[in-house]
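For reference, the structure is listed below as structure tokens.
The values are calculated or read from the model by the stated rules, or taken from the named source; none is laboratory data. Just so it is clear, the model here is predicted, and its values are computed rather than measured. When we count neighbours, we look across all protein chains shown, and the Cβ atoms used for this are built from the backbone with ideal geometry, even at glycine. Note: accessible area is taken over every heavy atom of the protein model, side chains too, but ligands, DNA and RNA are not part of it. Shrake-Rupley method; radii C 1.70, N 1.55, O 1.52, S 1.80 Å.
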Amino acid sequence: MRDFAGIILSFFLIVNAHVKAVNLHDNKDRAGVIRGVVKDKNSGELLEFVNVAVYDMNGSSLVSGGITNQKGEFEIRGVANGEFIVEANFLGYEKNRVNGILISNENKLVNIGSVALSPATLEIKGVDVVADKSPVEFKLDKKVVNVSQVISAAGGTAVDVLENTPSVQVDIEGNVTLRGSGNFTVLIDGRPSVLSGSDALRQIPASALENIEIITNPSAKYEPDGSAGIINLVMKKNSMNGFSGVINGTIGTGDKYRGDFLLNYRTEKFNYFLGADWRDETNYGSMASTRETYLGDTTNYISIGGDRNFIRGGQNFKGGFDYYLSDKTTFTLSGEIGKSKNTRSGEELIHEYTIPELTDIYSVNNEASASESDFYSGTLNFQHKFKKDGHKIEANAFYSGRTGFDGDEENEMLTDENYNRSQTYLARVKTDEEEDEKEFRLKADYTLPFSDVSKLEAGFQSRLEREDESTSFKEFDPVSGTWITSDFFSSSIDFKNDIHAVYATYSNKLGGLQFMGGLRGEVTDREIKSSANDSVATLQLFDLFPTLHLSYDIGEKNEIMASYSRRINRPGGWDLNPVPTYFNRFTIREGNPELEPEYTNSYDLGYMLKFGRSYLSLEAFSRITKNKIDRLESLGDDGILYLKSENVGKDYSTGLELMGNVEFTKWLTVNASISGFNYRIKGEANGEEFDRESTNWSGRMNTTIKFSDNSRMQIQGFYRGPSVSAQGESKASFFTTFALKQDFLKKKLSATLSLQDPFGTAKFERESVTEDFKSWFEWKREPRVVMLTLSYKLNNFKEDRRNGGQENGGGGIDMGGGEF
């Protein structure tokens, strides 16, 4: 710890020396400075990342320029004496020019005050059509998905929105990966979620979201968990005083039902909010798999096929209030409580045989599993702003809990070759799991601005996690007619994970270069106790996580961005539990309490070109992960396939992502991206070295056609190419969605009709090959699903976009937006 304290102290001294040097330099440089702030003319909202250009008096020659920070402010330095024009320009708004800006020896600093931008409009037969926001906006540290522009996700969840988002891939089961990795962190309004990963994204309705932020290289202010980055869900909040709300309902073919509401009552001193969501939807599908195992001169074949259906349901209630003690101090209390219910059922037709012919067995396996969990969380937040703009302190406490029960039962019955059932069971087993999770987080942040473009942020965080899990495995005894507990597959574990961290970041702007550097230090104490063998596995770590973000403006319409961060992926209790888990007669899974975290060094380099209301963005990225965790398969002497997670070595992802939003006409807009990267994984699996690589491709396109201000159609397509793993590869997949949206009653009521996977191409396919076995698996989901969603706004509910983000008291780089 003393070494880390020394590093932090050195960091502060370097920052302080640099700030003094910059101030001395500014005193010598008496070149002109132009300041101002840019706002939305209608709402008064401060606009960040607006392009501000300085032209000569003729308006033909560009002199200098910059962009606004998150408070809508800009400062352009190094302007020579003379008379100039300042022009503010932003996507979705009309340009605005301020003439007659005079810089002289007597007037070196000019504050032009507020520059108001009007939303771009198109006059159609006397009707003003307000220009839409781009489906995806690119900011210095993140991509922002505007959920209202993804009409095909109406009635869906956050997963449905992400299906058409750059850098994100979604498989047909709703599992989300970020640039090919499922190791990411989910935040809700910058705070942790009770659920994690794809489970959290599947639980939140799209109608409750204002936007989704994709942050591939977060700053040191964020937790470093998730090697691929952070997905932050920004919830809707009302911006108007009085009572308002929004109600949504969805019905779909194949027994799919969803509903949610959000109510808001706002006064000068209080803002109360209450919401709930409910879902009960069945997802039908089919599966097929084959396996070959090699033992001596005998090859064993297993072929399985049948239905695999999922039912996802549950409800969630949330509420809270903001109390504005003064213009500078805000107190917020919020909480949620809910229940999640998921069931899976299917009938599998199994054929097991060997060559030479020693075995030839036909059977039918009926599988049913159900999981239920009750979850709750509470958040207490306090913020105080000092007199100087951007100078503030904020403290936050978060507590969550989750209790759950998982039950799985399999009944495999012997049949003839035509699958006519006998009265003989090959296997009758059931597994019951109970879990109890608790988590407490405490965090404090302090922001000190040195000037309009530089600031220091520092803070600490403590995170305490506790999890108790018990598993009971039972086999049916036909002689006694009772279920008998198997001690080999039954156990309980206690999992403890404590993490304490401190961080500091410093940001500034030197000419056209903006930068932010940060350092985070974390101490981890992990302990796992298992009743199976009375073992205790511990792990103590001290880690440093540096971050760096750079941005440079090249004229008015060009910008270069670069970033680096070090990330971590910590294995969870499921991967660490040493007790074997029974899957079926052919497969057993084992945990690994000796698993170490993955560490990832992530690099991004981006370039953006803006033209009119369109843009093109090109990003290069590289991600290097050590202690790579992969699930390995090994064949036992008993012919059973054993699955176990191991630290296999390293993997490398290096590639390019081209994204764009092009408005061809006022009625046709195309938003698309294509990503290609080389993926390489090398290390050791089951005592054998391997080195495998593939070139991975993915692409997505979202085409919006406007028939009128109240009617539009959207067509989406997504492709993901094949990719290798330690022992095999996943195959390519492709699917499409069509959606039509119609507004009524002055946009208070809207109806969205969508058709998902009309061509029936969505599937997941994987293959694994070793010297001992070869396996193949495929799952197809229900095609041609029709969904109808109705949405009604009460008292003209308007989302408050300003509440979604965090303030930035210094330069234009918003790298510290998260609460946790």
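Points worth noting:
- Checklist (1) outside any strand (DSSP E or B); (2) within 24 Å of residue 162 (Cβ to Cβ) applied to residue 705, failing item: (1)
- Residue 736 vs. criteria farther than 30 Å from residue 626 by Cα and modelled with pLDDT under 90: no
- Of the numbered criteria (1) out of contact with any strand residue (DSSP E or B) (no Cβ under 7 Å at 6 or more places or on another chain); (2) closer than 18 Å to residue 622 by Cβ, the one residue 687 fails is (2).
- Of the residues 65, 78, the single one that is under 22 Å from residue 553 (Cα atoms), at pLDDT below 85 and open to solvent by 50 Å² or more (accessible area, probe 1.4 Å) is 78.
- Residue under evaluation residue 797, criteria (1) of a type in the set (A, V, I, L, M, F, W, C); (2) more than 25 Å from the chain's Cα centre (by Cα); (3) at pLDDT 90 or above, criterion not met: (3)
- Within the set 428, 463, the sole residue that is surrounded by fewer than 19 Cβ atoms within 10 Å (Cβ to Cβ), on the phi < 0 side of the Ramachandran plot and among the charged types (D, E, K, R) turns out to be 428.
- Scanning the stretch 508-559 for residues that are of a type in the set (Val, Ile, Thr) and at pLDDT below 90 gives 528, 536, 538, 554.
- Residue 452 meets all of the listed conditions (1) touching an Asp or Glu at 6+ places or on another chain (Cβ under 7 Å); (2) more than 13 Å from residue 366 (Cα to Cα); (3) open to solvent by less than 40 Å² (accessible area, probe 1.4 Å) but one, namely (3).
- Annotation note: of 367, 348, 352, 372, the sole residue that is part of a strand (DSSP E or B), open to solvent by 50 Å² or more (accessible area, probe 1.4 Å), acidic (Asp, Glu) and closer than 25 Å to residue 308 by Cβ is 372.
- Among the residues of the stretch 623-642, the ones that are open to solvent by less than 30 Å² (accessible area, probe 1.4 Å) and free of Cβ contacts under 8 Å to residues at least 60 places away in the same chain come to 1 in all.
- Complete set of residues in the stretch 424-471 that are in contact with a Gly (Cβ under 9 Å, 6 or more places away or on another chain), of a type in the set (Asp, Glu) and in a strand (DSSP E or B): 432, 433, 434, 435, 436, 437, 439, 445, 457, 467, 469
- Test result for residue 674, open to solvent by 40 Å² or more (accessible area, probe 1.4 Å) and over 30 Å from residue 708 (Cβ atoms): yes
- A single member of 547, 524 is more than 27 Å from residue 369 (Cα to Cα) and buried (at least 22 other Cβ atoms within 10 Å of the Cβ), and it is 547.
- Residue check, residue 501 outside any loop (DSSP other than H, G, I, E, B), open to solvent by 20 Å² or more (accessible area, probe 1.4 Å) and either modelled with pLDDT of 95 or more or within 30 Å of residue 559 (Cβ to Cβ) (or both): no
Conditions (1) open to solvent by less than 20 Å² (accessible area, probe 1.4 Å); (2) of a type in the set (A, V, I, L, M, F, W, C); (3) at pLDDT below 85; (4) closer than 23 Å to residue 730 by Cβ, marked per residue:
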position: 599; (1), (2), (3), (4): no, no, no, no
position: 604; (1), (2), (3), (4): no, no, no, no
position: 615; (1), (2), (3), (4): yes, no, yes, no
position: 653; (1), (2), (3), (4): yes, no, no, yes
position: 666; (1), (2), (3), (4): no, no, yes, no
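- The stretch 723-770, subset closer than 27 Å to residue 586 by Cα and more than 26 Å from the chain's Cα centre (by Cα), residue surrounded by the fewest Cβ atoms within 10 Å (Cβ to Cβ): 769
- Output for the stretch 107-145, where each listed residue is of a type in the set (D, E, K, R), at negative phi and at pLDDT below 85: 123, 128, 132, 133, 137, 139, 141, 142, 143
- Residue, most open to solvent (accessible area, probe 1.4 Å), within the stretch 404-423, restricted to residues that are touching a residue at least 40 places away in the same chain (Cβ under 8 Å), touching a Leu at 6+ places or on another chain (Cβ under 6 Å) and in a strand (DSSP E or B): 414
- Selected residue [outside any loop (DSSP other than H, G, I, E, B), more than 30 Å from residue 63 (Cα to Cα), over 25 Å from the mean Cα position of the chain (by Cα) and hydroxyl-bearing (Ser, Thr, Tyr)] from 547, 524, 538: 538
- Which listed residue is over 27 Å from the mean Cα position of the chain (by Cα) and small (Gly, Ala, Ser), from 606, 511: 511
- Check on residue 720, closer than 30 Å to residue 751 by Cβ, of a type in the set (D, E, K, R) and surrounded by 19 or more Cβ atoms within 10 Å (Cβ to Cβ): no
- Failed criterion for residue 773 (all others in (1) among the aromatic types (Phe, Trp, Tyr); (2) farther than 19 Å from residue 168 by Cβ; (3) in contact (Cβ under 8 Å) with a residue 60 or more places away in the chain; (4) open to solvent by 20 Å² or more (accessible area, probe 1.4 Å) hold): (4)
- Residue count, the stretch 81-103 (criterion: open to solvent by 30 Å² or more (accessible area, probe 1.4 Å) and at pLDDT 85 or above): 8
- Of the residues making up the stretch 684-694, none is among the aromatic types (Phe, Trp, Tyr) and surrounded by 19 or more Cβ atoms within 10 Å (Cβ to Cβ).
- Check on residue 488, surrounded by fewer than 20 Cβ atoms within 10 Å (Cβ to Cβ) and in contact (Cβ under 8 Å) with a residue 24 or more places away in the chain: yes
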